[in-house]
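Quick notes on the structure that follows.
The values are calculated or read from the model by the stated rules, or taken from the named source; none is laboratory data. No experiment lies behind these values; they were computed from the predicted model shown. Here the Cβ positions follow ideal geometry from the backbone for every residue, glycine too, while neighbour counts run over all protein chains shown. Remember, those area values only see protein heavy atoms, side chains included, never the ligands or the DNA or RNA. Shrake-Rupley method; radii C 1.70, N 1.55, O 1.52, S 1.80 Å.
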Amino acid sequence: MTEKRKIIIDTDPGQDDAAAIFLAFGSPDEIDLLGITTVAGNVPLSYTSRNALILCELCNRPSVKVFAGADRPLKRPLVTAEHVHGKTGLDGPVLEEPKLELQKQHAVDFIIETLRNEPAGTVTLCTLGPLTNIATALTRAPDIAPRVRELVMMGGGFFEGGNITPAAEFNIYVDPEAAKIVFGAGIPMVMMPLDVTHQLLTRKDRVARMRAIGSPPAIAMVEMLEFFERFDVEKYGSDGGPLHDPTVIAYLLKPSLFSGRLCNVEIETGSELTAGMTVVDWWHVTDRKRNVQVMRHVDADGFFDLLIERFARI
Ligand code: BDR
Ligand code: CA
């Protein structure tokens, strides 16, 4: 058996974050989840932290450690997305308040400590929300950057444009200053932009396959996705909405599902019009450092087969 991949999931759940966390829970042979760190994003931190605990409880994973992190971006007021995710971030199913409790340690301290204690080059950071926690950790402890094996993130968009402004994707838009720090840290990075996630529609036939699993987590996931997709179905007129965050975990499990290119990516922080834009040098028209593996295409059927197979194992 190949060695399990040690990961930290940094997240702002979010129904699609929940799908990513479920995918990790359903893949214990490949993934060693060291902890979940929460950040303010889709909804305020009190909800994202509560939601992470609810997801652990729903999937009967009481030993997973959840650490609360930043409650606001580095320099800007928090922008949230209740219009997409609902008031709690996990609107859809009826969910009980969690009995599990948060760890006492701050998420940023947990990230720093873990990267210092684990052997260098063994921990992968999986980011599903604004990059505030990771940027804070890198600023406070620059020695951790070369110790990160890889940072796999959902964020950005280029050919598809943005989803919160014409130019910017939500996770980057919320905290562009944090993104700038992370993209400039010299860490090997893989980016799952809207260009990929917009190919992954929660079509009715796919959701029906999830429902057929029949377990409480699978049913809750279906109810979450049915709530989550309504906004994008109206916006794009598609059969289902795009599923963003599970791409990060799917990449760890089956990288061959994705294809892309190593490019330079810079983050716009100055302009009001394009703040949070991921400027991707896809055609290599500059000689700026190629710092990010930018994904562009995905095998959508293969992705949903993997997702459904793993949801069934929870
Ligand atoms: C990203 O923003 C959030 O709304 C989703 O959870 C995802 O991480 C998509 O732009
Ligand atoms: Ca998210």
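Before moving on, here are some points about what is shown:
- Label-zone membership for the stretch 112-149, site His106, 7 angstrom Cα→C-beta point, backbone N under 19 Å: 112-117, 130-145
- Accessible carbon and sulfur surface of the chain relative to its total accessible area, %, 1.4 Å: 52
- Shape of the stretch 226-304, Cα gyration tensor, a/c cut at 1.5: oblate
- Derived scalar couplings between HN and Hα for the stretch 105-117 equal 5, 6, 3, 5, 5, 5, 4, 4, 4, 5, 5, 7, 8 Hz in order, rounded to whole Hz, by the Karplus curve 6.51 cos²θ - 1.76 cosθ + 1.60 (θ = phi - 60°), x for Gly and Pro.
- With only the Cα atoms considered, the stretch 62-151 has a convex hull volume of 132 Å³ per residue.
- Per residue, the chain exposes 40 Å² of solvent-accessible protein surface, assessed with a 1.4 angstrom probe and all protein chains in place.
- Computed magnitude of the charge dipole of the chain (debye, nearest 20; Cβ of K, R +1, Cβ of D, E -1): 540
- Ile219-Arg76 pseudo-label distance in nm [points 7 Å out on the Cα-to-Cβ vector]: 4.1
- Exceeding the 23 Å Cα-Cα cut-off - candidates Lys6/Lys65; Lys75/Lys235; Lys87/Lys235; Lys4/Lys254: Lys75/Lys235
- Euclidean distance of C-alpha centroids, the stretch 242-314 and the stretch 55-69, integer Å: 26
- Taking Arg261, Arg72, Arg50 as the candidate residues, the one with maximal mean-square fluctuation in a Gaussian network model of the chain, Cα springs under 10 Å, is Arg261.
- The stretch 273-314: chymotrypsin sites (Phe, Trp or Tyr not before Pro) in DSSP loop, at most 11 other beta carbons within 10 Å: Trp283
- Sites matching GluC sites (Glu not before Pro) across the stretch 28-108 that sit in DSSP coil, with at most 12 neighbouring C-beta atoms within 10 Å: Glu96, Glu101
- Long-range Cα-Cα pairs in the chain (distance over 36 Å), rounded percent: 9
- Shape call, the stretch 121-265: gyration tensor on alpha carbons, a/c limit 1.5: prolate
- At 0.890 mPa s and 25 °C, Stokes D of the stretch 193-243 from Kirkwood alpha-carbon radius, µm² per second: 220
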